[in-house]
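Here is the structure we will look at, set down as structure tokens.
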Amino acid sequence: MSYSTFNRKQFDSTKEPMFFGENVNVARYDQQKHPIFEKLIEKQLSFFWRPEEVDLSTDRKDFQRLEAHEQHIFLSNLKYQTLLDSVQGRSPNVALLPIVSLPELETWIETWSFSETIHSRSYTHIIRNIVNDPTKIFDDIVTNEEITKRADSVSIYYDRLIEMVNIYNTMGMGTFDIPGKGSIEISMPKLKKALYLTIASVNVLEAIRFYVSFACSFAFAERTLMEGNAKIIKLIARDEALHLTGTQHMLNLMASGKDDPEMAIIAAECQDEVRQIFIEAAEQEKEWATYLFKDGSMIGLNAQILGQYVEYITNVRMQTVGLDAHFATKHNPIPWINAWLVSDNVQVAPQEAEISSYLVGQTDNSLDDSDFDDFDL
Amino acid sequence: MTSISKTATSDKAEQVHRVLLGKKQILVTEDEPLLVQLEQAGIHVEYQCREGYCSSCSIKLLWGNVSYPFEPLAWVQSGYLLACCAIVKSDIEIAFFD
């Protein structure tokens, strides 16, 4: 079964599952199986922002005054964020668009991925503004061992799913001998399992890995340092909160069986593996915290506190998708993070300060002469 | 004048509900979402978006009723409530994540 960019079959897309049904043909939103995804699209569009709106001139001065080990923390964190958004800016498109079957979900995936590209552009904006030679920083992302270890763990599930879907689209079902990879079995349950684990690992990326990096960015801003950077990270955090709601909806819809009964069986079978994905990610993030603070801590944050936050946020996120908490940590060791994460006071332009998600240029058509009664010339 | 203010007070008194949280009891009204009123009572609740899409303020609802003036974008699991936009409609008992 090969992918078609415009499926010629006539079918009712509201009867299709989210994934692995018919390829989408008409991008229509008049009838929807899961209207939540269109609501997410609307919300995401209302969040639109550009990195250039945020002034970073003070951050440059702040950065030069940071101690060497603090510069290491700041730059390593930024490199990690760059890596995460490089993956997220393309992977939902590459992995999920060939197998999606609902127009509203297809458009949500594209909207979601697009917003990640804004994040990637904002890292370049930050790095350009604080250092003279951005090349050194970007080049290190593919050579630094600590960063590439992270890259392996965030891309492994995506890559496996993409590989399996490629084989499925060219060869169909069966067991195939792939040079360099050995024998790979392609069946619908195997494909669905690879998909479910991918969505779970994306949820972990957005719900845990990103938040660990946000904690580091905001720790500087708590000391009134790198505040332009924190303003950008606030905008990114607002987007990420929405994205992780998107993946939580996908996971919960799959697990409930309301979307695709076969998926519910697979979700139940995968529960232990998903648990393991959460726990492994938490352990990797704790290791990362040790690397960040290897040359020294900063006021308000050290490897131990960040590690506790990793455990705390992992517990919270596991319970949100119906898993039991794994770690003993019950309290947020950095409660000040909420004040930075809260999105409704993200200030882009003064006139937008009160409501960060509003319709730009909305016109009111129900205007008549009486509306001008108060005017005197 | 006196009678008007009395009526206003008694109207409000009718809307007051008890929120049980462990051994604590907090009185809340239907005027504002639960999150704000818990914070006013000095209880720390996790939050991020405060408008129903991030699910950070998800709390266990052990019994009682809440309603949402608008349907939240976040997935609300059965047996849970979203504190940032839930209006308490009866006496309730809540619990944080384990």
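Before moving on, here are some points about what is shown:
- Within the stretch B:24-51, being farther than 18 Å from B:PRO69 by Cα, away from chain A (no Cβ under 11 Å) and surrounded by fewer than 18 Cβ atoms within 10 Å (Cβ to Cβ) holds for B:LYS24, B:GLN25, B:LEU27, B:GLN40, B:ALA41, B:GLY42, B:ILE43.
- Count of residues meeting criterion [surrounded by 14 or more Cβ atoms within 10 Å (Cβ to Cβ) and charged (D, E, K, R)] in the stretch A:17-41: 4
- Some residue of the stretch A:284-305 being among the β-branched types (Val, Ile, Thr), away from every other protein chain (no Cβ under 14 Å) and free of Cβ contacts under 8 Å to residues at least 40 places away in the same chain: yes
- Conditions (1) within 14 Å of another protein chain (Cβ to nearest Cβ); (2) closer than 24 Å to A:THR111 by Cβ; number of the one not met by A:MET263: (1)
- For the stretch A:220-253, the set of residues classified as away from every other protein chain (no Cβ under 14 Å) and of a type in the set (S, T, N, Q) consists of A:THR224, A:ASN229, listed by residue number.
- Any chance A:GLU311 is modelled with pLDDT of 95 or more, at negative phi and more than 14 Å from chain B (Cβ to nearest Cβ): no
- The lone exception for A:THR320 - which of (1) crowded, with 20+ Cβ neighbours inside 10 Å; (2) more than 14 Å from chain B (Cβ to nearest Cβ); (3) at pLDDT below 95 it fails: (2)
- Filtered by the rule that a residue be loosely packed, with under 14 Cβ neighbours inside 10 Å and assigned to a helix (DSSP H, G or I), the stretch A:59-70 gives A:LYS61, A:GLN64, A:ARG65, A:ALA68.
- Condition check for A:ALA241: within 30 Å of A:ASN338 (Cα to Cα) and in contact with a Phe, Trp or Tyr (Cβ under 8 Å, 6 or more places away or on another chain): yes
- Qualifying position, being within 18 Å of A:VAL342 (Cα to Cα) and either within 18 Å of the chain's Cα centre (by Cα) or in a helix (DSSP H, G or I) (or both), among A:ALA282, A:ALA219: A:ALA219
- Scanning the stretch A:99-116 for residues that are surrounded by fewer than 19 Cβ atoms within 10 Å (Cβ to Cβ) and over 14 Å from A:PHE37 (Cβ atoms) yields one hit, A:PHE114.
- Among the residues making up the stretch B:52-75, those that are more than 7 Å from chain A (Cβ to nearest Cβ), in a loop (DSSP other than H, G, I, E, B) and open to solvent by 50 Å² or more (accessible area, probe 1.4 Å) are B:ASN65, B:TYR68, B:PRO69, B:PHE70, B:GLU71.
- Within the stretch A:263-286, tally of residues that are closer than 20 Å to A:THR148 by Cβ and surrounded by 15 or more Cβ atoms within 10 Å (Cβ to Cβ): 6
- Hits in the stretch B:81-98 (condition: open to solvent by 40 Å² or more (accessible area, probe 1.4 Å) and in a strand (DSSP E or B)): B:GLU93
- Pair list, Cβ < 8 Å and 6+ apart or interchain, from the stretch A:18-44 residues that are within 14 Å of another protein chain (Cβ to nearest Cβ) to residues that are open to solvent by 70 Å² or more (accessible area, probe 1.4 Å): A:GLU38/A:TYR29
- Residues in the stretch B:24-51 that are out of contact with any Cys (no Cβ under 9 Å at 6 or more places or on another chain), more than 21 Å from A:ASN332 (Cα to Cα) and in a loop (DSSP other than H, G, I, E, B): 4 in all.
- Complete set of residues in the stretch A:150-184 that are basic (Lys, Arg) and either surrounded by fewer than 14 Cβ atoms within 10 Å (Cβ to Cβ) or in contact (Cβ under 8 Å) with a residue 60 or more places away in the chain (or both): A:ARG150, A:LYS181
The values are calculated or read from the model by the stated rules, or taken from the named source; none is laboratory data. Bear in mind the structure is a predicted one, so any value in this text is a computation, not a measurement. FYI the Cβ positions are ideal-geometry reconstructions off the backbone, even for glycines, and counts take in every protein chain you see. What goes into the accessible areas is simple: the full protein's heavy atoms, side chains included, and nothing from ligands, DNA or RNA. Shrake-Rupley method; radii C 1.70, N 1.55, O 1.52, S 1.80 Å.
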